[in-house]
1. Set the bar at 25 Å for Cα to Cα. Now go through 84/211; 114/211; 140/211; 119/211; 140/235; 119/235 and name every pair that lies beyond it.
2. Which ³J(HN,Hα) values in Hz, rounded to whole numbers, follow from the phi angles of the stretch 142-151 under the Karplus curve 6.51 cos²θ - 1.76 cosθ + 1.60, where θ = phi - 60° and Gly and Pro get x?
3. Would you please give the residues with an amide H less than 5 Å from that of residue 92, counting only those at least 5 places away or on a separate chain, with H modeled from the backbone geometry?
4. For residue 197, what residues show an amide H to amide H distance below 5 Å, using hydrogens built from the backbone and excluding near sequence neighbours?
5. When 1/r is averaged over all different Cα pairs and the result inverted, which Kirkwood radius in Å belongs to the stretch 115-236?
6. Give me the percent of the accessible area of the stretch 90-234 that comes from carbon and sulfur atoms, probe 1.4 Å, all protein chains in place.
7. Per residue, how large is the accessible surface of the stretch 90-234? Use a 1.4 angstrom probe and give square angstrom.
Amino acid sequence: MAATATSASTFLHRLHDDTSLSRGMYRRSSSLSLLSSPTTSSKSARIQFFPKGLANPLFVTPAEKKKSSFQTEAVRQLTGSLTKAEGFRFAIVVARFNEIVTRPLMEGALDTFKKYSVKEEDIDVVWVPGCFEVGLVAEKLGKSGKYHAILCIGAVIRGDTTHYDAVANSAASGVLSAGLNSGTIYICVPCIFGVLTCEDMDQALNRAGGKAGNKGSETALTAIEMASLFVHHLKE
């Protein structure tokens, strides 16, 4: 009886060892199968194992560090210059409506042009009834081929009706369309948006030489930079 019990115990012990071994081999073979999976390249990743043969999914290291083909030293960066304004010709289209605002804006633009060595004879000012007509005239001037940039100046102030929204949207799209459609087939003429869209008159006056600066001056600076960019970098 004692011999029989010992044999049974030995048999169960061997069975347990064989089962543990087969499970360990299964785990190792499952882990190794990750290396041969079609979605995992052996060249791009190397899987490290725990001592017991289990793969650590959080520890995948690159076999080789790939060098980036993007080199910032080879990238050209183009920008317009504010120091090369002499010789450029500009036109300023000014809306007469809300002239108490638009005239100081125009004067701010003229003063800035003078500071940046743009000659008076190289500037033409065209008055139009309102902001709605600014884009149409700007496109016509751009197509004439006489100017390097067109300034579009106006002021739209919100009232009691929806007229404000219609005029403001039309002025913005009109200036954009003028810039895209003016010039020649090879290059367009920058049309700079200098139309104020304000909630009240105080906001407009503050932006026409008041405590918020003069947006006409900013429009002139944008025109100089864009003219330089187109002439020196974006020519045919």
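The values are calculated or read from the model by the stated rules, or taken from the named source; none is laboratory data. Here the structure is a predicted model, which is why all the values come from computation and not from measurement. Keep in mind that these areas ignore ligands, DNA and RNA; they rest on the heavy atoms of the full protein, side chains included. Shrake-Rupley method; radii C 1.70, N 1.55, O 1.52, S 1.80 Å.
1. As for pairs spanning more than 25 Å Cα to Cα, those are 84/211; 140/211; 119/211.
2. x, 6, 5, x, 8, 10, 8, 7, 10, 9
3. 124, 125, 126, 151
4. Counting only residues 5 or more places away or on other chains, the set is 156.
5. By the Kirkwood definition, the hydrodynamic radius is 15.2 Å.
6. The C+S portion of the solvent-accessible surface of the stretch 90-234 is 54 percent.
7. 50 Å²
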